[in-house]
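Student: Take a look at this one; I'll ask things after.
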Amino acid sequence: MKKSLILFALATLALGACNSTVKNTDKTDTAATAKKKGKYTCTMHPDLTFNKPGECPKCGMALVERDTTEDKK
């Protein structure tokens, strides 16, 4: 009886650990995509990024939305 109870407890802990790992990776994926969305940059100064469209403070060119697709192979 004790062996079966211990095995059941270990199996429950293992499943719980796997389940929490899956949930955490889902949250980081959505957070990463939310961060990348809506970034604007200057074509002449790609090191500058902004959260909204406007003009580059260095050269005055219009900011363009940065491509955030991850399909690069």
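All of the numbers you see were taken from the coordinates with simple rules; none came from a lab. Here the structure is a predicted model, which is why all the values come from computation and not from measurement. Cβ placement follows ideal geometry from the backbone for every residue including glycine, while neighbour counts extend to all protein chains displayed.
Student: Within the set of other residues whose C-beta is less than 15 Å from the C-beta of G54, count the net charge using Lys and Arg as +1 and Asp and Glu as -1. Walk me through the numbers before you get to the answer.
Tutor: Details: positive: K39, K52, K58, R66; negative: E55, E65.
Local net charge: +2.
Student: May I pose another question? Pop out the ³J(HN,Hα) list for region 46-51 in order, Karplus 6.51 cos²θ - 1.76 cosθ + 1.60 with θ = phi - 60°, rounded to Hz; leave Gly and Pro as x.
Tutor: Calculated HN-Hα couplings, in order: x, 6, 8, 10, 9, 8 Hz.
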